[in-house]
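So the structure is just underneath, and the comments pick up after that.
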């Protein structure tokens, strides 16, 4: 179980960093899809698998909503993606810094919130940290929504260990889907030739 | 039948039905009518008491079960429903002349249902998620078809969304503090996280940057509506925390922190107002200062400080309504809301301009207008605590008045070669006229809304006493 938990943490670190670096929306959404498997792995430590699967299904539904909307755009690469390719090294270094900070801080957080497990705290902090980084360096709707979904995934990992209410699980799922629908709506407001 | 069914589910269902309707006039009338009906029901219908009409006897229960949790609206909440739906009805009636009914009526009802649910949900902590859902619904409300989303809208979404995790996590930590009240470290951590959550939610300095940005991007009337509903609900939600957790309520640090943050917002909102050249941004900074005034009221040690917080509710709402209604008129008829574009516009839209200026002066706390009596009470109370704080209060107010005076100068200064040409549409002029009369009435007779506002503190078990 511990091995699987740490495997999930590694998955989350790789996918979240990949989200930060990827230029292609298809790769970004695929990485997000894998990220939700990692989230499932950590949430399942505290919730029954059937209930933890809500996170995975909701996440994949959110990805489907965003993907279908983005498919309607004619250009696969656009002005934003060209801009995004710049500063990849900076983003990689920034993501590395976050991972280093998480390694340093997670044991202390575990002391404050005992019983969660180091893997849960590490995975959650990595997602929240890299998600916030994503939010801080872009105003583009797609990037913002991906960043928010990443931050919320990180939060939900920890919160699942603290609160097992069905209503909370349902409401958080609605928030995730709402974010995806909001992202789809925002994307639809932008003319396809301008880009996301 | 239960009270949440009437004041949460019915508006929620109507919001879906309203999505199917297209006629702006009917939408505004139906929406406003339903909101008024909900207001009247909140006044007339006794909650949790047997009612007999002829042979029919029924009782409005207080709770409604959803996924194992309860939505509860008690008789003590009736006053809030009266004020909330009454003010909401005014916003809806104004949606026709501002041509926003097709967005404001369906989405406004959905947002209202969610915000009322956020005040009714038990455990009350889950309100953070419901407020987040209301924020998500605000995105299509703000967005106009064919206009790409701006950075202000994105920042609004990010900042408001980030508030939710902080508040939920703080709620869990607060439960731990209750279990072991002696743990000072845990108390500090939970209070800090809670403070961060509310800083995002209430757009506390320096997290208010999205407000002036958004004011340049979206319809002023819709913006005014959100500026009314979000801070109001967030403050009542915050009061819920104070009511629920005795250790926060009785903490010696609470009052100085609230006062410092409140003054910071009043001063920054006021001073930034004085230097703006965009009418939308001016409204945003005035709202920032308004939130500061509410926090200042909350910081007062007097037992009636919560009463003061609620007394702000009606004058602020009416001022904001008249302001955004007028601003929408100028938004639709000028290139932009920048000073260069609206110079001398009073000669074309005199009533709209009058409404805008009087609403601005009212929110700035100008004598004889709606906000003045309450502002004076707050200033007096503050001065009795600290003259230094009262001085900073004055600086903020002077900044707001400077912004209002500059707007007055720009709006009435005629552009070269322009003459008088009255083009105020009668529908908008009538509503603005009624609003202006309301601003003066509340200025002269601030006790008018007292019958409803007086009972509001009773919503809170501890704060109300």
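The values are calculated or read from the model by the stated rules, or taken from the named source; none is laboratory data. Everything numeric in this text was worked out from a predicted model, so none of it was measured. Cβ atoms come from the backbone with ideal geometry, glycine included; neighbour counts cover every protein chain shown.
For the reader, a short list of remarks on this structure follows.
- Scanning region B:97-139 for residues that are within 14 Å of chain A (Cβ to nearest Cβ), more than 19 Å from the chain's Cα centre (by Cα) and in a helix (DSSP H, G or I) returns B:124, B:125, B:126.
- Scope region B:65-96; condition in a strand (DSSP E or B), surrounded by fewer than 21 Cβ atoms within 10 Å (Cβ to Cβ) and touching a helix residue (DSSP H, G or I) at 6+ places or on another chain (Cβ under 9 Å); matching residues: B:66, B:69, B:70, B:72
- Criterion violated by residue B:70 - all others in (1) within 19 Å of the chain's Cα centre (by Cα); (2) within 14 Å of chain A (Cβ to nearest Cβ) satisfied: (1)
- Of the set (1) within 22 Å of residue A:103 (Cα to Cα); (2) in contact with a helix residue (DSSP H, G or I) (Cβ under 8 Å, 6 or more places away or on another chain), all apply to residue A:3 but (2).
- The residues listed here are B:177, B:158; of these, the one that is facing chain A (nearest Cβ under 8 Å) and part of a helix (DSSP H, G or I) is B:158.
- Residue that is farthest from the other protein chains (Cβ to nearest Cβ) [pool: residues in region A:128-142 that are assigned to a helix (DSSP H, G or I) and over 16 Å from residue B:169 (Cβ atoms)]: A:130
- Test result for residue B:137, modelled with pLDDT of 90 or more and surrounded by fewer than 24 Cβ atoms within 10 Å (Cβ to Cβ): yes
- When residues of region A:153-189 are limited to those that are surrounded by fewer than 19 Cβ atoms within 10 Å (Cβ to Cβ) and outside any helix (DSSP H, G or I), the one farthest from the other protein chains (Cβ to nearest Cβ): A:164
- Looking only at residues of region B:291-335 that are touching a residue at least 24 places away in the same chain (Cβ under 8 Å) and not in a helix (DSSP H, G or I), we find that the one that is nearest to residue B:361 (Cα to Cα) is B:312.
- Number of residues in region B:20-31 that are over 13 Å from residue B:97 (Cα atoms) and either in contact (Cβ under 8 Å) with a residue 60 or more places away in the chain or not in a helix (DSSP H, G or I) (or both) equals 4.
- Only residues that are more than 26 Å from residue A:135 (Cα to Cα) and touching a residue at least 12 places away in the same chain (Cβ under 8 Å) were counted across region B:174-202, and they come to 7.
- For residue A:145, the conditions (1) at the interface with chain B (Cβ under 9 Å from one of its Cβ atoms); (2) free of Cβ contacts under 8 Å to residues at least 24 places away in the same chain; (3) assigned to a helix (DSSP H, G or I) are fulfilled apart from (2).
Let's see how each residue does on (1) buried (at least 20 other Cβ atoms within 10 Å of the Cβ); (2) closer than 19 Å to residue B:118 by Cα:
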residue	(1), (2)
B:143	yes, no
B:157	yes, yes
B:166	yes, yes
B:185	no, no
B:199	no, yes
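- Among residues of region A:79-136, those that are closer than 23 Å to residue A:163 by Cβ, surrounded by 13 or more Cβ atoms within 10 Å (Cβ to Cβ) and modelled with pLDDT under 90, counted: 6
- Those residues of region B:391-434 which are in contact (Cβ under 8 Å) with a residue 40 or more places away in the chain, surrounded by fewer than 16 Cβ atoms within 10 Å (Cβ to Cβ) and in a loop (DSSP other than H, G, I, E, B), in sequence order: B:413, B:414, B:415, B:418, B:419, B:420, B:421, B:422, B:423, B:425
- So residue B:150, is it without any contact (Cβ under 8 Å) to a residue 60 or more places away in the chain and more than 7 Å from chain A (Cβ to nearest Cβ): no
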